[in-house]
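All of the numbers you see were taken from the coordinates with simple rules; none came from a lab. Source: prediction; values computed, not measured. Reconstructed Cβ throughout: ideal geometry from the backbone, glycine too, with neighbour counts over all protein chains shown.
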Amino acid sequence: MLIGALFAMVSCRKDPLPPSPEDPEVFAACVIPGTPATLDIATFNVEGFPKNGHISVVALSSLLKAMDVDVIALQEVASEADFNRMITLMPGWTGEFYDIDNDQWNLAYIFKKSETEVVANSDQLLFTDDARAFPRPPFEIFIRHKPLNLEVCLINLHLKCCGGEDNEKRRREASVKLKDYLDQSRYDDHVVVLGDFNDEITGTSSSENPFLNFIQDPEDYTFADMEIARGSALWWSYPDYPSHIDHILLTGGLVPLVDTTLVIKASPCYPEYNTNLSDHRPVVVRLRR
C-alpha cells in the first residue's frame, strides 16, 4: 500500500509552469527601469523578431515595458505587422519602422510618448548607396527629451556580421565613413550611435578593433559601454559566443551626462528568453543633467 501511495504521488506531480510573458511582473527582478528625470536609451538586437510567433510579440512587449526606457533602437525586426501588434500592447509608446527590403534585417525605434517627441521630418537613411560598408543603411532620427529639454540625434546601426578578413575590413570601412559623416555633418549635434556593431571595442590595434578611430578621438567620442566590454563576460551583450558586440557611442557633449550604462540580463526571470526573445541582450545608457 505504501509503494502504491508513493507511486500515485509521483505520477501526479507536475513540473511548475514556466513564467508567462503576459505577466507584467515577470521581468521585474531582472531590470533597472528608467526614471522620469533621466533620458534612458536602449539598443536591442531582437533576432528576427518575432523569433517564435505571437509569444515573442507578447514577451518582448512585457520586457520593454518593464525596462521603461524612453527610446529603444531595435535591430533584426522581420515583421512590420508584428512590430505594430507589439506597439498596441504598449500603451504610451509609439514606433518608427524602417523596411530595408532584406527579410529579417529591418531597423526600428520605440519611443515613450510622455518623455520624448520626434523632431518632424528628421528621419533619414544614411549611406544608402554603400551596401559594402553598410549592408543595412543606418536609420537616423532626431528626438527631444522633454524633461531634460535635450535634443539628440539617434543613429540605429547594424553592421556586417561574422569573422574573416573581408568582414573585418567592411566594418572598418563603415567606421571610417561614419566618423567622417559625424565630424562633417553632425559636429554641433548631440549624437547617440547605437546598435549591433558586430565587433568588440577593446582591441588596441586597427586590425583587431575596427572602431579604433573613434577611441583615438576621446575628446569627441566615447563608447558608453566600454567598462562593460572590459569587464566580466557574464554581462556581455552576446552571451552565446560570448562577446560584447552591441554598443552605444556618444559624442563628446553627452559624455558628462552619463549616469550609468548597463546590460539587461533577463534570462534568469524568463527561462525561455533565448527561445522566444533573442540571442542578444539589451544595452542601456542613462543620461542625467
Sorted peptide list for 155-165, 57-67, 111-121, criterion being average Cβ within 10 angstrom, highest first: 57-67, 155-165, 111-121
With +1 on the Cβ of every Lys and Arg and -1 on the Cβ of every Asp and Glu, the dipole magnitude of the chain about its Cα centre, in debye rounded to the nearest 20, is 760
What the Cα atoms of the range 19-150 span along the principal axes, largest first and in whole Å, is 44, 39, 22
For the chain, find the longest principal axis of its Cα atoms and tell me its angle to the long axis of helix 2-12, 0 to 90°, nearest 10. 30
So if I take the centroid of the Cα atoms in the range 61-99 and the same for the range 103-131, what is the distance between those two points in Å? 12
In the structure displayed, which of LYS113/LYS265; LYS65/LYS169; LYS51/LYS160; LYS146/LYS169; LYS51/LYS177; LYS177/LYS265 lie more than 30 Å apart, Cα to Cα? LYS65/LYS169; LYS146/LYS169; LYS51/LYS177; LYS177/LYS265
Taking 278-285, 206-213, 78-85 and ranking on average Cβ neighbours within 10 Å, highest first, one gets 278-285, 206-213, 78-85
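What is the packing order of peptides 220-226, 142-148, taking the mean over residues of other C-beta atoms within 10 Å and listing the highest first?
For the peptides 220-226, 142-148, the packing ranking is 220-226, 142-148.
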Using only Cα atoms, find the angle between the long axis of helix 165-185 and the longest principal axis of the chain, and express it within 0 to 90 degrees, rounded to the nearest 10. 60
Cα-based Rg and Dmax for the chain, where Dmax is the largest Cα-Cα distance (Å): 20.3, 85
Globularity ratio of the range 172-289, using Cα Rg and 2.2 N^0.38 Å: 1.11
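Rounded to two decimals, what is the ratio between the C-alpha radius of gyration of the range 140-224 and 2.2 N^0.38 Å?
Against the compact-globule rule of thumb, the ratio is 1.16.
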